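Before any comments, here is the structure.
The values are calculated or read from the model by the stated rules, or taken from the named source; none is laboratory data. All values reported here derive from a predicted model rather than from experimental measurement. When we count neighbours, we look across all protein chains shown, and the Cβ atoms used for this are built from the backbone with ideal geometry, even at glycine. Remember, those area values only see protein heavy atoms, side chains included, never the ligands or the DNA or RNA. Shrake-Rupley method; radii C 1.70, N 1.55, O 1.52, S 1.80 Å.
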Amino acid sequence: MILDGKALSKQIQEEIKAEVDAMLEAGQKAPHLAAILVGNDGASETYVGHKTKMCDKVGFESTLVRLPDTTTEEELLQWIDDLNNNDSIDGFIVQLPLPKHIDANKINLAIDYRKDVDGFHPINIGKMAQNLPAYLPATPYGILQLLERNGVETSGKECVVVGRSNIVGSPMSILMARNAKVGNCTVTLTHSRTQNLIEHTRRADILIVALGKPNFITADMVKEGVVIIDVGITRVEDSTKKRGFRLVGDVNYEEVAPKSSWITPVPGGVGPMTVTSLLMNTLQAAKSK
Ligand code: NDP
């Protein structure tokens, strides 16, 4: 069966919109999300544009700060300081990747963790690890929603995560091991140094793949009945498409889907849930004021 991120996103966005309407009726202001975009990377422009559009859809205010790719680290830190201290902004994100001359870790640390709706700040990651209330990183949060709202049982299952990035694989492994409603898995976190990856992926009841290599996971690498979460999104040239490319996941969908009990498509699986989770975190930030 398909874990339909597009349909679930729409449903959650309607729930958020209803909450915003209630806030406005009660005389409160709408949640306000700001995004900083440095430079003009094509994919980043698309992501930020989409996030702004989704804010409009659910009734949030949004502000986009566009900065040239010549922006210095110091100038960006000044912008972050401004947003940290701007009471009208509930939460903000700095779109990644940043130009090479800017230290992304330094930028991340400068964000007030109470406004860190991307959930990347070490304080939020630490709280998450200790099962305390925190802004969860958007992609892992979206995956938890997909599992929970489709009633996928996780307790006691073998969960294998491929990829250990700070924004997807690593937090995902922590979340799936937590003693929580979606969690209680026995987790294996794999990466490029893992020996015999296939021995791990074949054991997985739940396989979460985030490495950025199109069609990497093939049918022989999974067992019957596996739950597949495909996070990968790679733009592959395709002259039959108007925009010149199509989006391909890390899992060979055609081959693997017939063996799976649940699977996320690409596009339309994890991607839409990521943006929706950002909206959920922003609503939370506004409500916690
Ligand atoms: P990164 O490039 O930061 O990390 C990739 C990870 O994969 C690394 O940990 C790397 O290991 C590991 N890896 C690489 N090759 C192998 C291999 N052969 N076997 C096992 N592990 C390997 O990726 P991200 O997590 O940022 O993104 C992964 C994918 O997910 C990308 O396609 C990205 O576009 C997509 N993405 C999608 C989102 C969504 O909303 N759907 C959101 C975020 C990302 P090592 O650490 O050893 O280098």
Report task. Please tell me if residue 233 is of a type in the set (A, V, I, L, M, F, W, C), closer than 23 Å to residue 1 by Cα and more than 10 Å from the ligand (Cβ to nearest atom). Result -> no
Result of the Cβ filter at 6 Å on segment 103-119, keeping first residues that are closer than 10 Å to residue 80 by Cβ and partners that are open to solvent by 30 Å² or more (accessible area, probe 1.4 Å) and among the aromatic types (Phe, Trp, Tyr), at least 6 apart or interchain, is 108/120
Listed by first then second residue, the pairs whose first member lies in segment 184-211 and is in contact (Cβ under 8 Å) with a residue 60 or more places away in the chain, whose partner is more than 12 Å from the ligand (Cβ to nearest atom), with beta carbons under 7 Å and at least 6 positions apart or on separate chains, are 208/159
Selection from segment 151-165 of residues touching a helix residue (DSSP H, G or I) at 6+ places or on another chain (Cβ under 8 Å) and either open to solvent by 30 Å² or more (accessible area, probe 1.4 Å) or within 15 Å of residue 279 (Cα to Cα) (or both) yields 164
So, first residue among the β-branched types (Val, Ile, Thr) in segment 164-180, second residue within 14 Å of the ligand (Cβ to nearest atom) and in a loop (DSSP other than H, G, I, E, B), Cβ within less than 7 Å, six or more apart or across chains; the pairs are 167/120; 167/137; 168/210; 168/231
- Message: residue 271 - would you say it is open to solvent by less than 50 Å² (accessible area, probe 1.4 Å) and part of a loop (DSSP other than H, G, I, E, B)?
- Response: no
message = Given the condition out of contact with any Cys (no Cβ under 8 Å at 6 or more places or on another chain), in a loop (DSSP other than H, G, I, E, B), closer than 30 Å to residue 133 by Cα and not acidic (Asp, Glu), answer yes or no: does some residue in segment 253-264 qualify?
response = yes
Per the list (1) buried (at least 16 other Cβ atoms within 10 Å of the Cβ); (2) in contact with a Gly (Cβ under 9 Å, 6 or more places away or on another chain), residue check on residue 238 breaks on (1)
Taking segment 112-146 and keeping only residues that are within 16 Å of the ligand (Cβ to nearest atom), out of contact with any Gly (no Cβ under 7 Å at 6 or more places or on another chain), part of a loop (DSSP other than H, G, I, E, B) and open to solvent by less than 30 Å² (accessible area, probe 1.4 Å), one is left with 118, 119
For segment 256-273, pairs from a residue that is within 14 Å of the ligand (Cβ to nearest atom) to a residue that is open to solvent by 30 Å² or more (accessible area, probe 1.4 Å) and assigned to a helix (DSSP H, G or I), with Cβ under 6 Å and 6 or more apart or across chains, are 268/6; 272/6
Exactly one of 209, 227, 248, 222 is surrounded by 15 or more Cβ atoms within 10 Å (Cβ to Cβ), modelled with pLDDT of 95 or more, out of contact with any Lys or Arg (no Cβ under 9 Å at 6 or more places or on another chain) and β-branched (Val, Ile, Thr), and that residue is 209
When segment 189-198 is checked residue by residue, the ones that are over 20 Å from the mean Cα position of the chain (by Cα), near the ligand (Cβ under 9 Å from one of its atoms) and in a loop (DSSP other than H, G, I, E, B) are 192, 193, 194
When segment 151-188 is checked residue by residue, the ones that are within 16 Å of the ligand (Cβ to nearest atom) and not in a helix (DSSP H, G or I) are 159, 160, 161, 162, 163, 164, 165, 166, 167, 168, 187, 188
